[in-house]
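The values are calculated or read from the model by the stated rules, or taken from the named source; none is laboratory data. Since the model is a prediction, treat every value here as computed from it, not as a measurement. Every residue, glycine as well, gets a Cβ built from its backbone with ideal geometry; the counts of neighbours run over all protein chains shown.
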Amino acid sequence: MEGRSQAAIEVAWKVAASVSLEMIEHYPVVEFFKTIPLLALTRFGQWGAVLIQPPPSEHLEFSHGIWRYARVIAQSKLGDLAAARSEYFSLTKIREAASLAVLDQKGYPATLLLKIADRLVLGEIFMAQEDYANAITAFKEAVDLQDQLPYTEPPFWYYPTQLALGKALLKADDFAQAGMIYLDNLKHYPKNGWTLYGLKQSLHAQGKDISKIQKEFDHTWQYADIELIASIF
């Protein structure tokens, strides 16, 4: 929430390295640790790094789904829509065919997480096409799905999907609604710099005073090593 990309990515790689394939074989629920570096790279907009990551083992179906998800996001952001659509098709096949019951039954909602991933990548493809109405619909569905996740710390999904919805609403010039989304998100994630930045954009677009939010953002973001242009890359 503080924009410290280097530290977050370094820790992500260390966490993933602590889990072996043998451990996953005996304790399948720890598979998700292997996806953390890829999600960290996605979170901080390192699209080139995302696309050079090798695929996980085929039998790690959840990890493979997340790998496809990250690639669709990166390709959409880089404007390669043909590749993004092809990758999305692969993600859909994985999501529909994957046998994730073992993870689901052990308390890790893998099936629901891939449904969230599906809606998010669809939204990003629409965003790249400047089809903001359909992007908003897809992101709203992602938010609704995320609301169904059981509570845990850290959360099962790696970022609040409201940030993607808020960005889409801003792109669609629905500044007031975007502001409401960001304010609601701050109730759950106080002092989230990404959310504060989106709220600042919303208020500025409505001609409202942003001095208080700017001060909060500056304090939260003081140790960041990235610069934002939106509430999500």
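Just wondering, is there one or more residues in region 158-173 that are over 18 Å from the mean Cα position of the chain (by Cα), surrounded by fewer than 14 Cβ atoms within 10 Å (Cβ to Cβ) and within 16 Å of residue 32 (Cβ to Cβ)? No, every residue in region 158-173 fails to be over 18 Å from the mean Cα position of the chain (by Cα), surrounded by fewer than 14 Cβ atoms within 10 Å (Cβ to Cβ) and within 16 Å of residue 32 (Cβ to Cβ). Working only within region 32-56, note down all residues that are under 19 Å from residue 22 (Cβ atoms) and basic (Lys, Arg). Selection gives 34 alone.
When we screen 42, 35 for residues that are over 24 Å from residue 185 (Cα atoms) and under 15 Å from the mean Cα position of the chain (by Cα), the only hit is 35.
Residue 189 falls short on exactly one of the conditions (1) within 22 Å of residue 128 (Cα to Cα); (2) touching a residue at least 60 places away in the same chain (Cβ under 8 Å); (3) not polar (S, T, N, Q), and that condition is (1). Using the structure shown, decide if residue 94 is under 25 Å from residue 6 (Cα atoms) and in the same structural domain as residue 126 (by TED's automatic domain parsing). The answer is no for residue 94.
Can you spot a residue in region 209-221 that is of a type in the set (A, V, I, L, M) and either within 22 Å of residue 46 (Cα to Cα) or out of contact with any helix residue (DSSP H, G or I) (no Cβ under 9 Å at 6 or more places or on another chain) (or both)? No: zero hits.
With respect to the stated conditions, residue 202 is in a helix (DSSP H, G or I), surrounded by 21 or more Cβ atoms within 10 Å (Cβ to Cβ) and at pLDDT 95 or above. Would you be able to say whether some residue in region 91-98 is surrounded by 16 or more Cβ atoms within 10 Å (Cβ to Cβ), at pLDDT below 95, part of a helix (DSSP H, G or I) and of a type in the set (S, T, N, Q)? Yes: region 91-98 contains one or more residues that are surrounded by 16 or more Cβ atoms within 10 Å (Cβ to Cβ), at pLDDT below 95, part of a helix (DSSP H, G or I) and of a type in the set (S, T, N, Q). Kindly indicate whether residue 172 is in the same structural domain as residue 233 (by TED's automatic domain parsing) and at negative phi. The answer is yes for residue 172. Please go through region 110-139 and give me each residue that is touching a Leu at 6+ places or on another chain (Cβ under 6 Å) and crowded, with 18+ Cβ neighbours inside 10 Å, ordered by number. Those that are touching a Leu at 6+ places or on another chain (Cβ under 6 Å) and crowded, with 18+ Cβ neighbours inside 10 Å: 110, 116, 138, 139. Counting only residues that are among the polar types (S, T, N, Q) and not in a helix (DSSP H, G or I), which one in region 53-84 is farthest from the chain's Cα centre (by Cα)? That would be 57.
For region 1-52, enumerate the residues that are surrounded by fewer than 16 Cβ atoms within 10 Å (Cβ to Cβ), of a type in the set (Gly, Ala, Ser) and assigned to a helix (DSSP H, G or I). Passing the criteria: 7, 17, 48.
Against the test of being in the same structural domain as residue 34 (by TED's automatic domain parsing) and either without any contact (Cβ under 8 Å) to a residue 40 or more places away in the chain or in a helix (DSSP H, G or I) (or both), the options 195, 111 yield a single qualifying residue, 111.
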